[in-house]
Amino acid sequence: MFHLRTCAAKLRPLTASQTVRTFSQNRPAAARTFGQVRGYTAPVAAEPFLSGTSSNYVEEMYYAWLENPKSVHKSWDIFFRNTNAGAPPGTAYQSPLPLSPGSLSAMARVQPLVEAQPNVDKLVEDHLAVQSLIRAYQIRGHHVAQLDPLGILDADLDSSVPADIISSTDKLGFYGLDESDLDKVFHLPTTTFIGGQESALPLREIIRRLEMAYCQHIGVEFMFINDLEQCQWIRQKFETPGIMQFTNEEKRTLLARLVRSTRFEDFLQRKWSSEKRFGLEGCEVLIPALKTIIDKSSENGVDYVIMGMPHRGRLNVLANVIRKELEQIFCQFDSKLEAADEGSGDVKYHLGMYHRRINRVTDRNITLSLVANPSHLEAADPVVMGKTKAEQFYCGDTEGKKVMSILLHGDAAFAGQGIVYETFHLSDLPSYTTHGTVHVVVNNQIGFTTDPRMARSSPYPTDVARVVNAPIFHVNADDPEAVMYVCKVAAEWRSTFHKDVVVDLVCYRRNGHNEMDEPMFTQPLMYKQIRKQKPVLQKYAELLVSQGVVNQPEYEEEISKYDKICEEAFTRSKDEKILHIKHWLDSPWPGFFTLDGQPRSMTCPPTGLTEDILTHIGNVASSVPVENFTIHGGLSRILKTRGELVKNRTVDWALAEYMAFGSLLKEGIHIRLSGQDVERGTFSHRHHVLHDQNVDKKTCIPMNHLWPNQAPYTVCNSSLSEYGVLGFELGFAMASPNALVLWEAQFGDFHNTAQCIIDQFICPGQAKWVRQNGIVLLLPHGMEGMGPEHSSARPERFLQMCNDDPDVLPNLEEANFDINQLYDCNWIVVNCSTPGNFFHVLRRQILLPFRKPLIIFTPKSLLRHPEARTSFDEMLSGTHFQRVIPEDGLAAQNPANVRRLLFCTGKVYYDLTRERKARGMAEQVAITRIEQLSPFPFDLLLQEVRKYPNAELAWCQEEHKNQGYYDYVKPRLRTTISRAKPVWYAGRDPAAAPATGNKKTHLTELQRLLDTAFDLDAFKNFS
């Protein structure tokens, strides 16, 4: 219906003909076509029914009458004809003659009469009331839907019934109606589909159909969506009479899937009753629900589904949705199963899987990937989204028609974990959207032991989804057909609108949090009811038997058939003696490794480039490669400075990064740089996206104009999120080894809000799940006097989590020692002191024959430091990343005269060299930079120590003693020299905060550490 809103104030001064002309001019274009436009000729009196909301209804009736006088009730036909004849609106109404023999001929003789003045207000108001009633059910019907299978708790935690929902006839008074109106026929608005083919229904039938659509086992939340087309689509799916119909074949398929879901859990319970498995009992309908979503999506063209889920029901999903071999699942319960030497592994209900198979319903190939996850609920959400985005990117699926994601959630976690909100807010951002995710909430109506009334402030656990206008379908999980229907609709929604959608399976948890837990301690009433609850399989089987869809022997045969499959798989599982975690890999990289998963070599080629390539990239980086593009004047100066650096065969930090990226793009490596403000760079040094100063949203990315057939470069400012965005980029990096994926923190200390991703995925990911990942973290770090918050990227935390042994000196004579070290580590930690070394480590990250996470502590003041420059000579072909940069000054020329060898890393080197020069101690103090902190460069540092036999050793850092690198470096240095000498400390004292907030104190502390570093008698009393 076209709502022609005109306020009464505008109606009164106009004549009727003027009003019609105004409506005609302002009315939106529509499919309707009108003949000659007839207008009111009588002046509009101050009639109440022509003002306010009533006028909308009259206007709609009038336009319908203009199109076809027979389309409206005869009383309206007479009213409009009388008005056209000149009668005032208040006197234009005539009651139609009662139906009787001859009445039709009498009706035909009715002349326009102006004497009668019947009251049409009641008719109009009643129709408006019915429209309001319909809208009330659409908005709030879900509050009274019968969603809880146990019948003891309202899904919205509120037992009251909204005042505008007709739960009894006395509530009709809210709308100005009463029981006598129930059999009156009312015209239906176009914002409802309850009429089917009928345009009018009695009020009693209107209410009945609304209750059937919105108040049974499905509760639909959608009226907050601000798109009319989407609202109409949902109304049509749930209001159309008889739309939720299933064929007998579909019902039998649903029953068979329920059998598999239920009997799988029963089998595990019989065989391993004392093992934790986080079974699905109470929500067995999840398996057919997921299969329905996948079937419908496959039918709509999707051929790759990436899933993330918590532990509950995971084994069942692996077995009956992903189709993991049952014997591989059953052998996980064997306590005698030996682990292969591929890592430390993880518990069976955290493992992932990748499988390609034929979808039996659509007869199309479908690839299913279930991402491995930790116990940290919802942490896998952004990881799944990132992997989905990457798979879409690599196959050119720009609209999400081929690759999609399904996320499963628990009710308590969905409401309680902030990462859910962060992930939702990535869903529609251009560089992060996956074009719609289907969210399925397994709503047990309980947390671990926590009652939902104590676990959330919102009515539903799913209310967070409303922020992105995602429709929410609540459904009673003990009604399998209702569940299947909403899952079909959810898949169709995603296919149609490419937006998120939520299916809330309101169910229960038959056991405790795990099978060993006793829920009666905390939920006695709920679990008394659960003990009485008939399983959904039994309920549905009885229903189908009563309908004659299946008979009892057929049902029992289906059960025995699946039980036999499980028993045979159990027998085979006893032959499994070794657990291979690689069989549970969720993101294989075909062709990157050998067939047995090993690197194709254990060498790394040089990371340098030819001068032509360096010059070409530098020239593009210092120019605007498109015409008619006006850049900011300040940026012009920056580009000019870059050009001068290139002419002088020198690079600064930004140019070194440009050359690393540009050269990898030439080699076909996709690069994705993401994070807060990364396009310009927090410190205004990068400027990878140029903005036209005269045209809004007109931008240029010079990096994408380097080579004719280069790989694409993606640089994208993220939302103000660390947890969600870092998880997303981790997922993106999972998809392919042939991409350099980087996440940059705005300041290094901001990574701690993403600590879960670092601790649970990045650091132990390969050890737990045999899943390599080459993600790069760029963490700005340095004591610059900016206060405690923007100083430290907390290197001590990353170093503490490194898996090398500080007390064991590795075999330094081993071939390719440096590469073997990298292969054995869990991640690489570097703090480069030169742009050239930064360039090399970025290129090495891709040229290595395997993938490891790379943590780089990037500088702030060094971005513009005049001494932080690198010559092209150190970046040419044959050069490589320097794990250690040794002393190359006067001290190195006379090593026997050196009295102190200072080891340091990063920016403090420039403070030390400046101080050494000022004190004239270039021959007495040698300074060696450790660029790669982990894996620790034992071999190169041993050479350094031997070079200066008479020097005492000291570690110097600008961080506080209990922070930074000291606790990591000291024991390893001592191991390097077989503990022959002490390793002294020159740096700030221990402190609780990373840095002082007082500038003077900062400078005083810096001078104190420099005094200690160059006082050759500083440690005499400690010897």
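The values are calculated or read from the model by the stated rules, or taken from the named source; none is laboratory data. Since this is a predicted model, take the numbers as computed values, not measurements. Heads up, the Cβs are rebuilt from the backbone with ideal geometry, glycines too, and the neighbour counts pull from every protein chain shown. Note: areas computed on protein heavy atoms with side chains; ligands, DNA, RNA excluded. Shrake-Rupley method; radii C 1.70, N 1.55, O 1.52, S 1.80 Å.
Using per-residue counts of other Cβ atoms within 10 Å, averaged over each peptide, order 297-306, 639-648, 396-405 from highest down.
297-306, 396-405, 639-648
Mind grabbing the base-10 log of I(q)/I(0) for the stretch 626-686 at q = 0.16, 0.22, 0.24, 0.28 Å⁻¹? Debye formula, identical points on the C-alpha positions, no solvent, two decimal places.
The Debye formula, applied to the Cα set alone, gives -0.67, -1.14, -1.21, -1.21.
Nothing charged except the Cβ atoms of Lys and Arg (+1) and of Asp and Glu (-1): what's the magnitude of the dipole of the stretch 622-750 about its Cα centre? Round to the nearest 20 debye.
460 debye
If I ignore ligands, DNA and RNA and count only protein heavy atoms, how much of His705 is accessible to a 1.4 Å probe, in Å² to the nearest 10?
90 Å²
Could you sort 967-980, 740-753 so that the peptide with the highest average Cβ count within 10 Å comes first and the rest follow in order? Don't jump to the answer; show the numbers that get you there.
Values: 967-980: 17.5, 740-753: 22.2.
Final packing ranking: 740-753, 967-980.
Provide the packing ranking of 235-244, 628-637, 763-772, i.e. peptides ordered by the mean count of other C-beta atoms within 10 Å per residue, highest first.
Working: 235-244: 17.0, 628-637: 12.3, 763-772: 21.4.
Most protected by this proxy first, the peptides run 763-772, 235-244, 628-637.
Taking a probe of 1.4 Å, how large is the accessible area per residue of the chain, in Å²?
That works out to 41 Å² per residue.
Over all directions, how big on average is the projection of the convex hull of the alpha-carbon atoms in the stretch 631-766, in square nanometres? Before the final figure, lay out each step's value.
Numbers: hull surface 38.5 nm².
Seen from a random direction, the Cα hull of the stretch 631-766 projects 9.6 nm² on average.
In degrees from 0 to 90, rounded to the nearest 10, what is the angle of the helix 999-1014 Cα long axis to the longest principal axis of the chain?
Once rounded, the angle reads 30 degrees.
So how far, in whole Å, is the C-alpha centre of the stretch 599-664 from the one of the stretch 855-907?
21 Å
Could you compute how much accessible surface Val884 exposes when probed at 1.4 Å, giving the result in Å² to the nearest 10?
10 Å²
With a 1.4 Å probe and every protein chain kept in, tell me what percent of the accessible surface of the chain is carbon plus sulfur. Before the final figure, lay out each step's value.
Values: 21040 of 41640 Å².
For the chain, the apolar C and S fraction of the accessible surface comes to 51 percent.
Quick check: net charge around Leu673, other residues with Cβ under 10 Å of its Cβ, Lys/Arg +1 and Asp/Glu -1?
-2
For the chain, give the magnitude of the charge dipole about the Cα centre (Cβ charges: +1 Lys/Arg, -1 Asp/Glu; no others), in debye to the nearest 20.
1320 debye
Once the piece of chain linking Ser71 and Ser601 is laid out straight, how much longer is it, given 0.36 nm per residue of separation minus the C-alpha distance between them?
182.8 nm
Cross-link partners among aspartates and glutamates for Lys697, C-alpha distance below 17 Å, same-chain residues fewer than 8 apart left out?
Reachable aspartates and glutamates: Glu627, Asp677, Glu679.
Answer with one residue from Ile631, Asn551, His781: the one whose Cα lies farthest towards the positive end of the charge dipole of the chain, charges on Cβ with Lys, Arg +1 and Asp, Glu -1.
Farthest towards the positive pole: Ile631.
Positive end of the charge dipole of the chain (Lys, Arg +1 and Asp, Glu -1 on Cβ, about the Cα centre): tell me which of Val361, Gln693, Tyr421 has its Cα farthest that way.
Gln693
Can you report the principal axis dimensions of the chain using only the alpha carbons, biggest first, rounded to whole angstrom?
Principal-axis extents of the chain (Cα, largest first): 129, 74, 51 Å.
To the nearest 0.05, how large is the calculated FRET efficiency for Ile358 and Glu299 if R₀ is 22 Å and r is the Cβ-Cβ distance?
Efficiency, rounded to the nearest 0.05: 0.95.
Take the cross-link list Lys251/Lys564; Lys389/Lys666; Lys271/Lys488 and give me the ones stretching past 25 Å between alpha-carbons.
Cα-Cα > 25 Å for Lys271/Lys488; rest within.
Where a Cα-Cα gap under 21 Å defines reach, which lysines qualify for Lys1020, not counting those fewer than 8 residues away within the same chain?
Straight-line reach from Lys1020, under 21 Å: Lys961, Lys970, Lys981.
For an R0 of 45 angstrom, estimate the FRET efficiency from the Cβ-Cβ distance between Thr630 and Tyr421 and round to the nearest 0.05.
Calculated value: 0.70.
Toward the positive end of the charge dipole of the chain, about the Cα centre and with charges on Cβ (Lys, Arg +1; Asp, Glu -1), which of Ile206, Thr996, Ile294 goes farthest?
Checked the options; the winner is Thr996.
Might you report the magnitude of the Cβ-based charge dipole of the stretch 777-825 about its Cα centre, with Lys and Arg at +1 and Asp and Glu at -1, to the nearest 20 debye? Provide the component values of the computation, followed by the final result.
Numbers: 2 positive and 10 negative charges, 69 e Å.
My answer is approximately 320 debye.
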